[in-house]
Amino acid sequence: MSLVLAALPALLLIGGFPIFVVLLTASVFALAFYMNMPMSAVQQNMFGSVSSTGLLAIPYFIFAGELMSRGTVSLRLVDFVRALVGRLPGALGVTTVGTATVFGAISGSSAAAVASVGRIMHPAMLKDGYPMRFAVGLVTSVGAIGIVVPPSIPMLVYGAASETSIPRLYAAGVLPGLLIALILVAYILAKALRLGLRTSDITDRSGFLNAARRAFWALGMIVVILGGIYGGVFSPTEAAAVACVYALAVTLFVYREMGFRDILDAASSTVIFSAQILIIVAAAGLYSWILAVNQLPQNMAAWIVSMEVSPWLFLLAVNILLLLLGCVMDPISAILLLTPVLAPVVDALGIDKVHFGIVITLNLAIGMFTPPFGINIFVAQSVLKTPTGDIYMGVLPFFYVFLAALIIVTFIPAVSLLSADLFMFGG
């Protein structure tokens, strides 16, 4: 049984099958040949897996992000951050980091940040004399911050799969996200000084106030979502629904950039993306149930504990595994595949599941721009029309920047747990 549930998915993944097919095939095979249970357990567990109220937040957040990623929202955010940065060396690079971080806090999507911010900032950096590989590497990698800071869809999926507080996970992602941004800014400043990159034009007080006014309603999305959750006004699911209403109001009546057809397009994209996620959730629910019934995660946890493996050695091994897995698998699939197996081990070793969730998310965020199959690489190649080889070389320095942040977050749990306690007011 254990061999089937481990070896069969591995073989199917190598064969290039979609992750939901992998999980469903392994589950049905185990149920049919090794377990004395009716096949009706398949649909019961699959439908039961997606009947969680918390999962409603997924299509809501996707729809809100789709609405806000269209039109001039990203341009308004770029102007605001650029005015805020002023005359810092490498100001355009710093603006890219700041805009991607803010955009991620609005859309919760890494790929959307690469497409929207990259379309604006990549030509501007090239025009200002930034090396082509540096510019494309920065744009491709910086979007990964979007799934570390709230509202992060992979983090929401991890919370549902591991029964971990989603508000606390979201709170725990704030400081790690800012840490990544600060390390990126430090690297950009050093690079700009070494290359002699010029600074942006001086922005006077009236220019800054005008940029802030234009970006006011876009920035308001962050206040609505996070302020509502941590102010106790509504739950994350309710916050996602409110975010949809807010995004519709802003794009339709404030910016007036979208019509009925644009809303239908956003809704259509939301349905497709949500279906892709939820079919994986359903298949993973069945797979997790079979693992639990056969007590495989619990047996693995007992085995690891019997070997007296330290929490730090376990986290190191998990980091290596996830960095490799993230190169070939999207974050949501990886989370749903590994969480049922690793969560009991995490509990047995006394590792905080909130901290572990941030470690998983950050690892898989790095995987989004790691060759050969990081999704951000393909988005950047499509949007920026840059050769894939140049993108591979461009993201390499930023891989090490993110890796430094990962090491800090992994082995100093206070970075994420302090963030959780600070924004949850100790709750």
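Could you count how many residues in the range 24-60 are assigned to a helix (DSSP H, G or I) and either farther than 29 Å from LEU156 by Cβ or among the polar types (S, T, N, Q) (or both)?
11
Quick check on LEU291: is it farther than 20 Å from SER152 by Cα and either in contact with a helix residue (DSSP H, G or I) (Cβ under 7 Å, 6 or more places away or on another chain) or without any contact (Cβ under 8 Å) to a residue 60 or more places away in the chain (or both)?
Numbers: farther than 20 Å from SER152 by Cα: yes; either in contact with a helix residue (DSSP H, G or I) (Cβ under 7 Å, 6 or more places away or on another chain) or without any contact (Cβ under 8 Å) to a residue 60 or more places away in the chain (or both): yes.
In short, yes.
What pairs come out if I take residues in the range 117-136 that are under 15 Å from ALA192 (Cβ atoms) and pair them with residues that are outside any helix (DSSP H, G or I) and basic (Lys, Arg) whose C-beta lies under 8 Å away, six or more apart or interchain?
ASP128/ARG198; GLY129/ARG198
For ILE106, state whether it is in contact with a Phe, Trp or Tyr (Cβ under 8 Å, 6 or more places away or on another chain) and at pLDDT below 90.
No.
Could you check the range 307-337 and list, in sequence order, the residues that are modelled with pLDDT under 85 and surrounded by 17 or more Cβ atoms within 10 Å (Cβ to Cβ)?
LEU325, GLY326, MET329, ASP330, PRO331, ILE332, SER333, ALA334, LEU336, LEU337
Just to be sure before I move on: is ILE304 over 26 Å from the mean Cα position of the chain (by Cα) and surrounded by 20 or more Cβ atoms within 10 Å (Cβ to Cβ) in the structure I sent?
Taking the combined requirement at face value, the residue does not satisfy it.
Scan the range 301-328 residue by residue and report those that are in a helix (DSSP H, G or I) and closer than 18 Å to PRO9 by Cα.
Answer for the range 301-328, where residues must be in a helix (DSSP H, G or I) and closer than 18 Å to PRO9 by Cα: LEU321, LEU322, LEU324, LEU325, GLY326.
Quickly run through the range 126-138 and pick out the residues that are modelled with pLDDT under 85 and either closer than 16 Å to PHE369 by Cα or part of a helix (DSSP H, G or I) (or both).
Within the range 126-138, just LYS127 meets the criteria.
Give the residue that is modelled with the highest pLDDT, with candidates limited to residues of the range 371-397 that are surrounded by 24 or more Cβ atoms within 10 Å (Cβ to Cβ) and within 30 Å of LEU342 (Cα to Cα).
Top of the filtered list is VAL395.
The values are calculated or read from the model by the stated rules, or taken from the named source; none is laboratory data. Computed from a predicted model, the values in this text were never measured in an experiment. Glycine gets a Cβ as well: all are built from the backbone with ideal geometry, and neighbour counts include every protein chain shown.
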